[in-house]
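The values are calculated or read from the model by the stated rules, or taken from the named source; none is laboratory data. Values in this document were obtained by computation on a predicted structure and should not be read as measured data. Neighbour counts are summed over all protein chains in view; Cβ atoms, including those assigned to glycine, are modelled from backbone coordinates with ideal geometry. Keep in mind that these areas ignore ligands, DNA and RNA; they rest on the heavy atoms of the full protein, side chains included. Shrake-Rupley method; radii C 1.70, N 1.55, O 1.52, S 1.80 Å.
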Amino acid sequence: MTVRESVRPLAASEVGDYDIETEVLVVGYGAAGASAAFEAARAAARVLVLDRSGGPGGASAMSGGEIYLGGGTPIQRACGFEDTPEAMAAFLTAALGAGADAAKIEAYCAGSVEHFGWLVDRGVPFKPTLWDSPTWVPPTDDGLMWLGENSWPFTELATPAPRGHRPTANDFGGKLLMECLTEAAETAGATALFDIHADALIVDDSGVVVGVTARRYGREVRIRAHRGVVLTTGGFVDNDRMLAAHAPELLGHTKVSAGTDDGSGIRMAQALGAAVRHMSAGQVGMSLIPGLAARGMVVNARGQRFMNEDTYPGRIGQAALYRQNMGGSWAGGDTAVWVIVDEEGFEAVPESQRWGVRPHQVAETPAELEELTGLPAGSLTDAIRRYNEFAERGADLDHHKAVRWLRPLTAPFAAIDVKAGVRPPAESGNRKGTGASVFTLGGLHTDLDGHVLDLDGAPIPGLYAAGRAANGLHGFGYISGTSLGDGTFFGRRAGVSAAARA
Ligand SMILES: Cc1cc2nc3c(=O)[nH]c(=O)nc-3n(C[C@H](O)[C@H](O)[C@H](O)COP(=O)(O)OP(=O)(O)OC[C@H]3O[C@@H](n4cnc5c(N)ncnc54)[C@H](O)[C@@H]3O)c2cc1C
């Protein structure tokens, strides 16, 4: 049998015998897929999970493991923080940007304490201690961290509470999270098949999705799903053609993925008439150490500050890529960003937390630093003088960095070029290159129960999606933890819906 290359749906009438039959078919075994598989199996459906890799995990297993949870979780309360679903929703509505899904945010925040309990019941441990400084991932096993809630402008829009919940691990917690979720899914009865790439959906005469056609070791495999197909295949950052078509600003940067984000789930559903949302949106991680940035200044190619450095660092990345770009080629676009710190600020962050970052230029005066970095003459002199004036008066009138992080910078000064990269402890290489590490946020349009919606807004019968194959909560903005958060939360709902389908 020849292998089918197209994503166009296959008519069920053309399929003779199926190679495999199941009730709920989950395509993609990351956090969203494991959550869907668990719930569908718990509802007594026969569940098969496919993954193109040799095992489960996807990007979820490589991740920091931060999960955005709040509304008064036991961890928040044990750390002395009051929180409400309303305050959490107000923050997410502001932080996730224009077009964030209001109904999903409301459901996600209202269900967040329950979802925390669900994770704990699946064996995911969280330590009730707070890491209280800007970072990508706490270097300790603290279970709670701030993700920009205590930074401007959010301090004026929502009652702040830390909501980054990370499974008990020093540094990255994604592996532990995935171990717990896959064990839960398999204990509930889900089975899995690896090294198999789903290529297209199979649809019956009335438009119901009844299975997929896939490839395994060069052979086509046709799988019948009697209740539904759940697409949890991740985003499309590894598909340069899709990036060029939808999110060209994200081309050429370090890809934050397991290398499997080929957009195949999105394309399969699009080929059937599925709607997509916010396909240009992306998370932009800058290769900077948030603890150093908060203690100093972040400047653009003109030597000017452009954001409060104590905010969630992905916001600095988005601002650098989308708003500070000086033009030229967008592919691998100009993310010219320097972190300027003094010795006291640099030494305040222990070496183990600096992820291999060292000062690239050190100077006794701002003018000398301008010469060494090539930043315009006078720019750092002005920026440091203005910053120090704000620090002296205890108010950052330009960018509203919290007073806690404002201190006059004194010689010697150091400049760190983000293009030199960082070396996160859980990764083998150095993130060297453009200074930006990206993944996509756009994806299939789904409803609160994970149904994939068509261009008229109607559910496509038998088809569900969650995780980064879907757009989930997001508008144009991103906050760490909302990807694993919405993937597991709405993945569960998709699994329940698919299992319940007659
Ligand atoms: C280093 C790193 C750190 C991160 N830190 C965080 C964090 O702390 N918090 C957070 O919320 N997010 C974080 N993220 C982002 C987050 O990990 C991902 O966005 C999230 O895991 C996506 O989950 P998912 O279940 O949708 O996809 P994945 O976990 O990527 O799973 C998708 C699976 O689908 C499989 N697949 C794809 N296409 C097919 C196909 N056609 N057929 C069969 N199988 C297929 C893939 O092999 C993969 O296993 C991080 C990511 C990385 C890489």
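Protein heavy-atom surface of segment 288-434, 1.4 angstrom probe: 48% of the accessible area is carbon and sulfur, with nucleic acids and ligands not counted.
Solvent-accessible area of ASP398, all protein chains in place: 60 Å² (probe radius 1.4 Å, heavy atoms, ligands and nucleic acids excluded).
For segment 170-294, the spherically averaged projection of the C-alpha convex hull amounts to 11.2 nm².
What shape does segment 385-429 have by the C-alpha gyration tensor, where a ≥ b ≥ c are the square roots of the eigenvalues, rounded means a/c under 1.5, and otherwise prolate means a/b greater than b/c and oblate the rest? Prolate shape, in that a/c is at least 1.5 and a/b is the bigger ratio. As a ratio to 2.2 N^0.38 Å, the alpha-carbon radius of gyration for segment 7-54 is 1.33.
So for the chain, considering every pair of alpha-carbon atoms, how many percent are separated by more than 42 Å? For the chain, the fraction of Cα-Cα distances above 42 Å is 19 percent. Specify whether the C-alpha gyration tensor of segment 288-434 places it in the rounded, prolate or oblate class, a ≥ b ≥ c being the square roots of the eigenvalues: rounded for a/c under 1.5, otherwise prolate if a/b is larger than b/c and oblate if not. Rounded is the answer for segment 288-434, as its axis ratio a/c remains below 1.5. Among the chymotrypsin sites (Phe, Trp or Tyr not before Pro) within segment 169-229, those in coil by DSSP and having at most 14 neighbouring Cβ atoms inside 10 Å are PHE194, TYR217.
Once the convex hull of all Cα atoms in segment 103-200 is built, its volume per residue stands at 175 Å³. Largest first, the three principal axis extents of the alpha carbons in segment 190-235 are 32, 23, 21 Å in whole numbers.
Apolar share of the accessible surface for segment 67-165: 58 percent from carbon plus sulfur atoms, 1.4 Å probe.
With protein chains left intact and a 1.4 Å probe, residues in the chain average 37 Å² of accessible area per residue.
Across every pair of different alpha-carbon atoms, what Kirkwood hydrodynamic radius in Å does segment 156-223 reach? For segment 156-223, inverting the mean 1/r across all distinct Cα pairs yields 16.3 Å. Any idea how far the Cα center of segment 113-163 sits from the one of segment 290-305, in Å? Centre-to-centre distance over Cα atoms comes out at 24 Å. Near MET145: Cβ cut-off under 12 Å, other residues only, Lys/Arg at +1 and Asp/Glu at -1. The net charge is -2. For segment 13-115, the normalised intensity computed at q = 0.17, 0.25 Å⁻¹ comes to -0.98, -1.21 (log10 of I(q)/I(0), Debye sum over alpha carbons, equal scatterers, no solvent). Working note: Cα atoms of segment 376-502, range along each principal axis, descending, whole Å: 71, 36, 26.
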